[in-house]
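I have placed the structure first, in the form of structure tokens, so that the comments after it can refer back to it.
The values are calculated or read from the model by the stated rules, or taken from the named source; none is laboratory data. Source: prediction; values computed, not measured. All Cβ positions, even for glycine, are placed from backbone atoms using ideal geometry, and neighbour counts span all protein chains on display.
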Amino acid sequence: MAETGSLRVEVVSPERVLFSGEATQVITRTLDGGEIAFLPGHISFLGALVENHTRIYLTGGAVQDLAVHGGFVEVAPDHVTILSDSAELAADIDIARARAAKQRAEEAMRGEHDATVESALRRAHARLAASGGVNEILGAKH
Ligand code: ATP
């Protein structure tokens with residue numbers, strides 16, 4: 001299969017279509033395989049997703065960043081579909097809210113660890129990574 005051309009990419013949540021467009025590459029994070037890049041011509045694949053910063057490299061050269069919180073990715077040679085449990089486009093992420101959620105989760109984790117708090121922290125990390133990069137995760141002032 002030729003590794004040229006583009007991918008039709010759709011990202012949906014239970015409520016709506018968040019993104020639909022043509023891309024040259026999609027990077028997301030699966031439960032079993034860690035971070036994976038999908039290019040045109042990729043073999044068919046179905047994977048469960050963890051909370052992550054997903055990057056869609058658009059054919060025009062721009063990058064669409066998203067926070068994706070679980071769900072599935074379905075891949076074929078000509079398309080990538082992300083069926084998320086919930087997701088946000090970078091531009092829709094309220095950074096102050098995500099920072100506050102991260103702080104609350106970190107404080108809660110000083111007590112007893114529980115799965116709910118851990119997933120809240122992973123959601124906050126995904127939102128901060130999608131909207132601001134690594135400096136946001138590390139809490140750098142800028
Ligand atoms: P918070 O504690 O701030 O509510 P959360 O991780 O518990 O964060 P969710 O339950 O995952 O929030 O999401 C509830 C709704 O709010 C969803 O529609 C989600 O897309 C939206 N949402 C949550 N945090 C943000 C954010 N920082 N920016 C934009 N939308 C957000």
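Selection within segment 1-13: residues that are farther than 16 Å from residue 90 by Cβ and at pLDDT 95 or above. The member of this set that is farthest from the ligand (Cβ to nearest atom) is 6.
Filter segment 1-42 down to residues that are without any contact (Cβ under 8 Å) to a residue 40 or more places away in the chain and in contact with a Pro (Cβ under 9 Å, 6 or more places away or on another chain), then give me how many there are.
Here is the first cut: in segment 1-42, the residues without any contact (Cβ under 8 Å) to a residue 40 or more places away in the chain are 2-4, 15-17, 20, 22, 24-25, 27, 29, 31-37, 39-40, 42.
Filter once more, keeping what is in contact with a Pro (Cβ under 9 Å, 6 or more places away or on another chain): 2-4, 24-25, 40, 42.
Count: 7.
From 63, 12, 73, which residue is surrounded by 18 or more Cβ atoms within 10 Å (Cβ to Cβ) and closer than 25 Å to residue 132 by Cβ?
Details: 63 fails: surrounded by 18 or more Cβ atoms within 10 Å (Cβ to Cβ); 12 fails: surrounded by 18 or more Cβ atoms within 10 Å (Cβ to Cβ).
Of 63, 12, 73, the one residue that is surrounded by 18 or more Cβ atoms within 10 Å (Cβ to Cβ) and closer than 25 Å to residue 132 by Cβ is 73.
Please go through (1) among the small types (Gly, Ala, Ser); (2) touching a Lys or Arg at 6+ places or on another chain (Cβ under 7 Å); (3) more than 17 Å from residue 123 (Cβ to Cβ) for residue 67 and return the number of the only condition it doesn't satisfy. In the conditions (1) among the small types (Gly, Ala, Ser); (2) touching a Lys or Arg at 6+ places or on another chain (Cβ under 7 Å); (3) more than 17 Å from residue 123 (Cβ to Cβ), residue 67 misses (3) alone. Of all residues in segment 37-53, those satisfying the criterion of being out of contact with any Asp or Glu (no Cβ under 7 Å at 6 or more places or on another chain), crowded, with 17+ Cβ neighbours inside 10 Å and closer than 24 Å to residue 98 by Cβ are 49, 50, 51, 52. Scanning segment 76-98 for residues that are more than 16 Å from the ligand (Cβ to nearest atom) and crowded, with 21+ Cβ neighbours inside 10 Å gives a single hit, 80.
Scanning segment 99-135 for residues that are among the hydrophobic types (A, V, I, L, M, F, W, C) and surrounded by fewer than 16 Cβ atoms within 10 Å (Cβ to Cβ), which turns out farthest from the chain's Cα centre (by Cα)?
Taking segment 99-135 as the starting set, the residues that turn out to be among the hydrophobic types (A, V, I, L, M, F, W, C) are 100-101, 105, 108-109, 115, 117, 120-121, 124, 126, 128-130, 134.
Those left that are additionally surrounded by fewer than 16 Cβ atoms within 10 Å (Cβ to Cβ): 100, 109, 115, 134.
Working: 100: 20, 109: 23, 115: 20, 134: 14 Å.
Only one residue tops the list, namely 109.
The residue list 54, 24, 59, 28 contains one member that is within 16 Å of the ligand (Cβ to nearest atom) and either in contact with a helix residue (DSSP H, G or I) (Cβ under 9 Å, 6 or more places away or on another chain) or not aromatic (Phe, Trp, Tyr) (or both), which is 54.
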